[in-house]
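Student: Okay, here's the structure, questions in a sec.
The values are calculated or read from the model by the stated rules, or taken from the named source; none is laboratory data. Just so you know, these numbers come straight off a predicted model, no measurement behind them. FYI the Cβ positions are ideal-geometry reconstructions off the backbone, even for glycines, and counts take in every protein chain you see.
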Amino acid sequence: MVIKIGLENINIFFQRKSIKKTYLRVTNKREILITSPLNLKEEDLKQLINENYEWLKAKLEKVKIIDIGKDEFMLFGKKYQVKYNKVKQIEINNDIIVTDKISSIELYGIELISKRFNEMVCELQIPFKPIINFRKMHSRWGVCHYKDNKIVINKVLIHVPMRIVEYVMYHELAHFKEPNHSKSFYQELFKICPDHRKLKSQLSEYSSLL
């Protein structure tokens, strides 16, 4: 099913399950997913969409589709034209990145995040040196394995502005003091990242990267 929200045609997908309530959400692909009881009628679903139209519109506006063309790369929130050359080091000049291959830019981004992570560990005076690893994850931006003194960061964060990347790292580093998302955790996070709520909202705009 397709409906028009604003000026866009949006795909709607339905899932009927043995549940009592109906759930409505916007996916990171800018689609609408409705999960409903088995006996819910189609006219009831249409009414649900109409009643939540403004909410859906606002949610869809928050999800950016990152449009990267051929020979383009988004590095820390800025789009660059990629030019290929047999260079030993990446060269960035205004809106152009000169490199030998895309994987070299990805590695460069990871190295910059790692460097900033180590600076943050020193700034926060953490009494041990946490390990930072990177991998592609489909539902999480970061994970703290506090028992192993390790943090895992989603590799796609190289495409997101560095200040938002810092928020993710602050969030995970705060778990070394407060493992759970308790009130004390958010008090600790506020101490080290006072604008964490604003940055979390900005991060949600990049959910299509997941």
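Student: For the stretch 1-42, what are the residues that are charged (D, E, K, R) and assigned to a loop (DSSP other than H, G, I, E, B)?
Tutor: Across the stretch 1-42, the qualifying residues are Lys20, Lys21, Lys29, Arg30, Glu31, Lys41.
Student: Collect the residues in the stretch 128-169 that are surrounded by fewer than 14 Cβ atoms within 10 Å (Cβ to Cβ), not in a helix (DSSP H, G or I) and not hydrophobic (A, V, I, L, M, F, W, C), keeping them in residue-number order.
Tutor: Lys129, Asn133, Arg135, Lys136, His138, Ser139, Arg140, Asn149
Student: Could you give me the residue pairs with C-beta distances under 6 Å whose first residue belongs to the stretch 196-210 and is outside any helix (DSSP H, G or I), whose second residue is modelled with pLDDT of 90 or more wherever it lies, and which are 6+ apart or on separate chains?
Tutor: Going by the 6 Å Cβ cut-off, the qualifying pairs are Tyr206/Val160.
Student: Now for a different question. Looking at Leu60, is it buried (at least 18 other Cβ atoms within 10 Å of the Cβ), modelled with pLDDT under 95 and part of a helix (DSSP H, G or I)?
Tutor: Answer is no for this residue.
Student: Quick check on my filter: what residues within the stretch 43-57 are at pLDDT 85 or above and assigned to a helix (DSSP H, G or I)?
Tutor: Gln47, Leu48, Ile49, Asn50, Glu51, Tyr53, Glu54, Trp55, Leu56, Lys57 - these are the residues of the stretch 43-57 that are at pLDDT 85 or above and assigned to a helix (DSSP H, G or I).
Student: Please state which of the following conditions Glu54 fails to meet, knowing it meets all the rest: (1) surrounded by 13 or more Cβ atoms within 10 Å (Cβ to Cβ); (2) over 26 Å from Val165 (Cβ atoms); (3) not polar (S, T, N, Q).
Tutor: The one condition Glu54 does not meet is (1).
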